[in-house]
Each structure stands twice: as structure tokens, then as C-alpha cells.
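Asker: Quick one: the structure is below, questions incoming.
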Amino acid sequence: MKNYFIHIDNDCKQAEIYSYHDLDSNHHASVGMAEIQSYIDPNSKVIAFLPSNMIRCVFSKKEISESEDQFQARFFSEHEDDLIKDVSKNRLMFSNEKNLALLVDKTIIDPLNELFNEFGCDVYIYPEHFLHQRLDEDTCLLIKGRYSFSFSDGLGFCAFRENFHDYIDLVKKERESFQPTFMILEKTDEVEFKQSDSKIISIESLHQDFLSHCEKNDLPSMFRSKITLKGTLRKMNLDRRDLILSLAIISCLLLAPILNIALMQNYKKSYEENTLSIFKELNPNFRRIVNSKAQMDQLLLAIDSNEAKPLDLNILGYLRAIPIDEIASSNIDFRNSKVILEFDRISSMKYSIIDTLIEQSNTKVIENNIENTDGTFSGSLVLEIESD
């Protein structure tokens, strides 16, 4: 996994990026905020530092019985007079281990959260003085023209050259034992660092030291993670072809149930229309299907089979009354009192109607050469009829 350190400028318009992977390291200076993502590989660790004057550090203790909402309400109530801006315009993060609360203006942190959530990385946002924080030691780091102060108790601030001495005097009044170790990243002519207790240190060593101890300490991060489409796609590390293929598969999975329902509804509608057509052929006054089987039985019982008794040939009259195209031919053998019916792929429902008509007449089936092929019936029936 690659590790990235981003140092954001005072105006949040540019940043300086350092990357580390195994023994390789890279540095990119003065990168625009909108361009940062192009320098970051997905699934990396990103640590961003904001100048400490943008983030206010306050000691506070959360009671065990308090929920997060209750603690925030109490915290803002206790520190409302100290806040420059309205309470609702501040974002609060808290460390239980250090009893340390961080406050930052939402207009600063929210755009950064939106930007960093698209990286597809593990992101952390800290005040810059965390970088050079030392246990029981006050330190001051000159970085990019600003003086970052880290106090031994964990608090910190950032001052600029024009108000450096005023800030030092103010701190010394509040902290009588204040004797900071000055750190510089390169040789400088700054008067403030012409002291015996100043030392030159590399930014790379500060980064490596921070990586080694930040996981052990519960440092409060100002980053709020949320799921975004762009961030998720970057984490999956899909190229254009993989993305198109994935979208196609997802679309098919979403559309398949919809198409299946539409087809089933179409089949149902077709079945109901065909069934209704058969009922209307048997009874022109038929209006609606409720129970097809029971209604079919009622229609068949309504047929007066007694009229077929004087002449069994009336069975042909019943069949002619039903417009069944699948009856290929019908022949009468008067000498042997037989009727021969030829069928060509008649449906099971129509065949059932004909079979019922034959059973309800005095006609006898003497030869059945009907074959059932995939639900359709073809072949011949030989019926015996009685003469008067």
C-alpha cells in the first residue's frame, strides 16, 4: 500500500504531496486541489494536514453515560462563548483516549471531505502540529512559511512571520516553562531560528515517524467517510472495459425480473383471451371467466344431449357448431354405421370438449388412433352410431 502525505496551503487552493512506497518516494509541489486525485493511487493511505490555525484543539472529557449527541450538546453549550462562528457552522471530532476535541469550520472541512471521498482510499485529516508532536516537549516547525507550534500537552497552533513574536510572547505568559525545540526543514536565515536549540530535520523523517506512531495513538481525524460512486469505482480499480461489462451485468440482473414479469403477464393475458374466445364460441352470451373449469362443466351440462338420441349423426352437428379448424376431415360410413374424424394438432382444451360431447351422446368410440404430442392431439377417431 502506498502512503501519501498532503500538506494543504493556508487558502486551501493548493497542496504539497509526498508519496512513499517501499523504498521509493516522490514529491509534488504546488498542486491544485482539483488535481490532487490524479497523483493518488486508489486503495492507498492518505494523510492530509491542515494548518493548525484552521483547527481549534480543546481539552474535554466525555462521560461514560453520555451519548455522542449528548456530549456534543454539552460541549457546545460550555464553549459557545469562545467560538467565533455560530455553533452550527462548526464540525466537532473527539478522541476518548486523549480527551481531545477538534473544531473546524464546516466551510473548510466539508469540501475537503467531498473531494477526498472520491479518492477510493483510507483518508485521515489532522492539524499540522500532530506531525511534529513530541511527548512532554514543546516544538515549533517552520514549514512553507508558517510556524507550526505543538505543545507538550497535545494542543497546537500555527502563526505567521508577521505575528510570530506577538504569539511567542502570548504563549510565554500562559506557559511559563515554554521552551520550544525549533525544527527547520532546510537552512534558513530566519532570525527566530538562530538559536542553539534549533535543529534541521527532513520532512521525510517526520512522515516516517508519524506513520510509525499514529496507528498506536487514538488521534482524532477530521475526515468523514461516505460511500460515493466515484470512490467505489476507484477502489474496485476497474478499467473502462471492466466498467462497461460490470454495468451491463448489473443492468441484466435488474432487468431480468422485470422482463420475466412482463412475459408472464403477456402469457396470462393471451391464455385468458383464448379461453374467453372458446367460451364465447360455446355460448355467445358468455361475459367473464371466474373459474374456467367449473364454468366449462356448466356449459357442457347445458348442452341438451337428448336431441342427439333420434339420430346419432347429430354429433356432427355439435362439432360443426364449434369452429375447430384442426378437424381435418369427417366421413360417414352409413353401411357400417360409422363416423370417422381426422384431427390435426388440436389443443388439449378443444379435444377435451369434443371428448365430453362424445361421452354425453350415445356414440361409442370403437377405434382411437389419437396421439398426444407436446400437448396437442393428432390422429383419427372412429365412432359407432346407432340407427333408428
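The values are calculated or read from the model by the stated rules, or taken from the named source; none is laboratory data. Bear in mind that the values here come from a model prediction, so they are computed numbers and not experimental data. Cβ sites come from the backbone with ideal geometry, for glycine too, and all protein chains shown count toward neighbours.
Asker: For segment 209-224, check the following and say yes or no: at least one residue is touching a strand residue (DSSP E or B) at 6+ places or on another chain (Cβ under 9 Å), within 25 Å of residue 57 (Cβ to Cβ), assigned to a helix (DSSP H, G or I) and modelled with pLDDT of 85 or more.
Answerer: Among the residues of segment 209-224, at least one is touching a strand residue (DSSP E or B) at 6+ places or on another chain (Cβ under 9 Å), within 25 Å of residue 57 (Cβ to Cβ), assigned to a helix (DSSP H, G or I) and modelled with pLDDT of 85 or more, which makes the answer yes.
Asker: Also: Can you name every residue in segment 49-74 that is part of a helix (DSSP H, G or I) and either touching a residue at least 40 places away in the same chain (Cβ under 8 Å) or farther than 30 Å from residue 15 by Cβ (or both)?
Answerer: Correct list: 52, 53, 54, 68, 69, 70, 71, 73, 74.
Asker: Only residues that are within 58 Å of the chain's Cα centre (by Cα) and β-branched (Val, Ile, Thr): list them for segment 330-353, please.
Answerer: Within segment 330-353, 346, 353 qualify.
Asker: Give the residues of segment 147-159 that are of a type outside the set (Ser, Thr, Tyr) and either in a loop (DSSP other than H, G, I, E, B) or farther than 12 Å from residue 183 by Cα (or both), sorted by residue number.
Answerer: 151, 153, 154, 155, 156, 157, 158, 159
Asker: Hey, residue 265 hits all of (1) loosely packed, with under 12 Cβ neighbours inside 10 Å; (2) among the polar types (S, T, N, Q); (3) at pLDDT below 80 but one; which does it fall short on?
Answerer: Single failed check for residue 265: (3).
Asker: Would you mind telling me which numbered condition in (1) modelled with pLDDT under 85; (2) touching a Gly at 6+ places or on another chain (Cβ under 7 Å); (3) among the small types (Gly, Ala, Ser) residue 88 fails?
Answerer: (2)
Asker: Next up: Please verify whether segment 50-71 includes one or more residues that are modelled with pLDDT of 95 or more, surrounded by 16 or more Cβ atoms within 10 Å (Cβ to Cβ) and aliphatic (A, V, I, L, M).
Answerer: Within segment 50-71 (the criterion being modelled with pLDDT of 95 or more, surrounded by 16 or more Cβ atoms within 10 Å (Cβ to Cβ) and aliphatic (A, V, I, L, M)), the answer is yes, since at least one residue qualifies.
Asker: Is it the case that some residue within segment 113-136 is on the phi > 0 side of the Ramachandran plot and either surrounded by fewer than 18 Cβ atoms within 10 Å (Cβ to Cβ) or within 44 Å of the chain's Cα centre (by Cα) (or both)?
Answerer: yes
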